[in-house]
Amino acid sequence: MVESGNHDSMNKQVQEIAADCHQLPQRFIHKEDKEYNAGASSPAEIPVIDVSLLTSSPLELHKLKSAVTTWGCFQAINHGIESSFLEKVREIGKLFFQLPAEEKKKYLREEDDVEGYGNDMVLSDDQVLDWTDRLYLTVLPKDQRKIQFWPQKPTNFREVLDEYISNIELIYEVVLKALARSLNLEEDCFLNQFGTTATKSARFNYYPPCPWPEKVLGVKPHADSSAITVLLQDKEVEGLQLLKDDQWVGVPIVPDALTINVGDQIEIVSNGIFKSPVHRVLVNSKKDRMTLAVFCPVLSDQVIGPVDSLITDETPRLYKNVTYSLDFFFKIYQQGGRPIDACKI
Ligand code: OGA
Ligand code: NI
């Protein structure tokens, strides 16, 4: 059963559509004939990396390099954030999405901006919508926070998110230094390109249950634009898949781990050694799912490019020097393309 009009799906949040969903609005249906949840894939063996060992153990550094060159992704454990605090972070997100629609709409994003609460940003008439509502906030640098979009309910939301981001900032530095060292580069080499004070944003992703999980996607296939993305997964419900050797494989939940993937910007500065993985999100017919992604990108006007010493006769330069802004990224992404392809030589 498919409804032909699409006004509802443009104006309502996915959570509202899901709560009263007798018909699946056309705008969410992907045109491919494959059914997404058919034949669930076996979970992938995504490498588990002990972040606390990255500065002292050559073996762990080697494991990191291998994980990021083959998967573009790893499960970070011993990252310094207590399990009970991760639970608090999940809870502020869940409580926010459980608030009445009227309360959440105080934080509604503007039509042509990503910041705030809302559904998929519509950039073209034929765009298929993602089955997700989001709360997207600039978190660093602090003076760029648009505090009017930071929920006041639950009352500890701002404080908990602020503390979480301070922790992520530390993990970001450790990981970027380790990635550089794993290629025998000077440890600040990537950090200097991205800048320790670069913008970071947090995106709470809420995926309501969907009675037609085989017809929609929580997030359509994409790679992240950032240097790295730190994802706090739902504690119980899986959904994230990576494209590996042309097969979709599920990313399992590892208790208390943060799932870290590199984005297009690390692929560019590493001259293609590190791969920004294409990934997508499936939805669940019975259970809702909430995740929190923290994107750590370069400043939007800063030029990045492959590190000089990674360009050799055997490994020629693969990417131009570019500014990798969100505007540039979204325009190509929403048309279904890969923005990084436009940066190739
Ligand atoms: C993203 C993303 C994955 C997830 O927000 O870019 O890929 O499981 N999220 O929510
Ligand atoms: Ni992503």
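The values are calculated or read from the model by the stated rules, or taken from the named source; none is laboratory data. Here the structure is a predicted model, which is why all the values come from computation and not from measurement. With ideal geometry, Cβ positions are generated from the backbone for all residues, glycine too; neighbour counts draw on all protein chains shown.
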Pairs where the first residue, in the range 218-237, is touching a residue at least 60 places away in the same chain (Cβ under 8 Å) and the second is away from ligand 2 (no atom under 11 Å from the Cβ) and of a type in the set (F, W, Y), C-beta under 7 Å, 6+ apart: G218/W131; G218/Y207; S225/Y324; S225/F329; A227/F194; I228/Y172
The range 122-176, residues that are part of a helix (DSSP H, G or I) and in contact with a His (Cβ under 7 Å, 6 or more places away or on another chain): I171
Only one of L292, L242, L299 that is assigned to a strand (DSSP E or B) and more than 19 Å from L64 (Cα to Cα): L292
Residue identified as over 26 Å from L243 (Cα atoms), out of contact with any helix residue (DSSP H, G or I) (no Cβ under 7 Å at 6 or more places or on another chain) and among the acidic types (D, E) among D341, D327, D313: D313
Qualifying residue in the range 273-281 (condition: more than 14 Å from ligand 2 (Cβ to nearest atom), touching a Lys or Arg at 6+ places or on another chain (Cβ under 8 Å) and aliphatic (A, V, I, L, M)): no
Residue list for the range 302-328, restricted to those being of a type in the set (A, V, I, L, M, F, W, C), away from ligand 2 (no atom under 16 Å from the Cβ) and either in a loop (DSSP other than H, G, I, E, B) or touching a residue at least 24 places away in the same chain (Cβ under 8 Å) (or both): I304, V307, L310, I311, L318, V322
Restricting the range 224-241 to residues that are of a type in the set (A, V, I, L, M, F, W, C) and modelled with pLDDT of 95 or more, the residue that is farthest from ligand 2 (Cβ to nearest atom): V237
Every residue from the range 135-152 that is buried (at least 16 other Cβ atoms within 10 Å of the Cβ) and not aliphatic (A, V, I, L, M): Y136, T138, R145, F149, W150, P151
Members of the range 117-134 that are more than 16 Å from the chain's Cα centre (by Cα) and either without any contact (Cβ under 8 Å) to a residue 12 or more places away in the chain or surrounded by fewer than 20 Cβ atoms within 10 Å (Cβ to Cβ) (or both): V122, L123, S124, D125, D126, Q127, V128
Single unsatisfied condition, K344 versus (1) surrounded by 14 or more Cβ atoms within 10 Å (Cβ to Cβ); (2) at pLDDT below 95; (3) more than 18 Å from S124 (Cβ to Cβ): (1)
Residues of the range 235-247 satisfying the condition of being buried (at least 17 other Cβ atoms within 10 Å of the Cβ) and not β-branched (V, I, T): E238, G239, L240, Q241, L242, K244
Failed item in (1) in contact with a Gly (Cβ under 9 Å, 6 or more places away or on another chain); (2) away from ligand 2 (no atom under 16 Å from the Cβ); (3) within 17 Å of V283 (Cβ to Cβ), with F204 passing the rest: (2)
Top-ranked residue in the range 329-341 [being in a loop (DSSP other than H, G, I, E, B) and modelled with pLDDT of 80 or more; ranked as farthest from D224 (Cα to Cα)]: G337
